[in-house]
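These notes concern the structure reproduced below.
Derivation of every value follows stated rules applied to the coordinates shown; laboratory data play no part. The structure displayed is predicted, hence computed values, not measured ones. Reconstructed Cβ throughout: ideal geometry from the backbone, glycine too, with neighbour counts over all protein chains shown.
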């Protein structure tokens, strides 16, 4: 986009003549006079373009951007992954940016095919056969999974591991106030869900995380067994990047997979818009929330794409719909499809491997420091929680002055109280390493944390 006005007086005159208007006032006459700007913008009277640009650059610099000024070791659901130039170039094409609801397949084949390819990739990531065309974010996807479980079982009790991200659980609790669902949260012990501590009978859903929000990799076999025993749906909130090297949700026996797709080409963007991943087994297809794009043939026998099984959507059969969601995050879904297509199986495996290697290298250095102890001794993927000798918020502030975003304070992430962490939650720091972090950056982190704790 140009940062100047490209239209000459002649251009404007030609446009007005074509429209049969005499002035720009005629062009904007439909806008109420009370809200029209009449005096011009008084922002830079007599200033040169470089001077104006410098002033606004100064305003921008007041925001210490996580990924341009500071080295980011924060995660907790939003991750600083590399976005290749090819992804930015393709995803920002006007065909994708301006496209909206593809209800008319005859004029939306490109977008429909892109969504279909996205669904194929989500199916591979999740290990489940029926994905949808995306949801708003992971928290929305979890809520839709609970609604699906209620519809499939007729029950309202939802048993959710505290290893599920605190924000996802908070959204689920908020929705439950309207739906009447009973939310039962299962505490963690040494970072692992203690399924024996709660009653899972008469549950509609058993929800587990892989890895959980503290980074721990849990064995989900017991959770799956409980779901089967009580006839509940087994819902797995999984990190899709981890699927590059670890079991998929489908391989754990999940009936439903939910996840956050921000890692695939979407910038951190202060928390959104993001991308909700969702997939399920074939038996649940009629209860699948949101949109599905299917493959068919047109009247000439050529391959074509359409939104399919529309009768299950709320805009068609409101009284029998399984969900109020009738749209999707098309642009983010297409972006994710481009990035996953660019990476391929081996590229995703390499990224996952580099994340894990970097995280374990950093962990090994940090737990040797005075004033640092692991919250859990269990295996982890790319993030881990540490208990510090000082409040995590103080450490984060100190390291920010050294251009390091040290991580996330778990107390802030979970609103100050969470059964996930039993002791000294104010001193717990969640640290993440992605493939973007270099050895020098990791070593600088270790040095900075040592200084922060020794003050």
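Values as computed for the structure displayed
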read-out	value
Extended-chain gain in nm, criterion 0.36 nm per residue less alpha-carbon gap, residue 106 and residue 319	73.8 nm
The chain: antiparallel DSSP beta bridges as a percent of all, rounded to 5	55
Per-pair calculated FRET efficiency, R0 = 41 Å: residue 176 and residue 14 via Cβ, rounded to 0.05	0.10
Theoretical FRET efficiency, 1/(1+(r/R0)^6), r = Cβ-Cβ of residue 31 and residue 222, R0 51 Å, to 0.05	0.25
Ranked 283, 12, 433, 111, criterion: other C-beta atoms within 10 Å, fewest first	283, 12, 111, 433
Extension reserve of the residue 296-residue 184 stretch, reckoned as 0.36 nm per residue once the Cα distance is removed	36.1 nm
Cα-derived Rg to Rh of segment 336-435, Kirkwood definition	1.04
Simple spin-label estimate for residue 364 and residue 283 in nanometres, 7 Å along Cα-Cβ	4.5
Interatomic Cα distance distribution for segment 81-216, bins of 5 angstrom, percent	2, 9, 14, 16, 17, 14, 11, 9, 6, 3, 1, 0
Sites residue 82 and residue 60 - FRET efficiency at Förster radius 22 Å, r taken between beta-carbons, to 0.05	0.45
Normalised alpha carbon radius of gyration of segment 85-338 [divisor 2.2 N^0.38 Å]	1.00
Inter-probe distance in nm under a simple model that places probes 7 Å from Cα toward Cβ, at residue 326 and residue 397	4.9
Extension reserve of the residue 7-residue 69 stretch, reckoned as 0.36 nm per residue once the Cα distance is removed	18.7 nm
Two-site label geometry, residue 22 and residue 245: point separation in nm, points 7 Å out along Cα→Cβ	7.3
Read-out mean projected area of the Cα convex hull in nm², derived from the coordinates shown; its label in (i) 23.7; (ii) 20.8; (iii) 28.1	(iii)
Column: log10 I(q)/I(0), Debye, Cα scatterers of segment 19-151, q = 0.12, 0.13, 0.20 Å⁻¹	-0.98, -1.05, -1.26
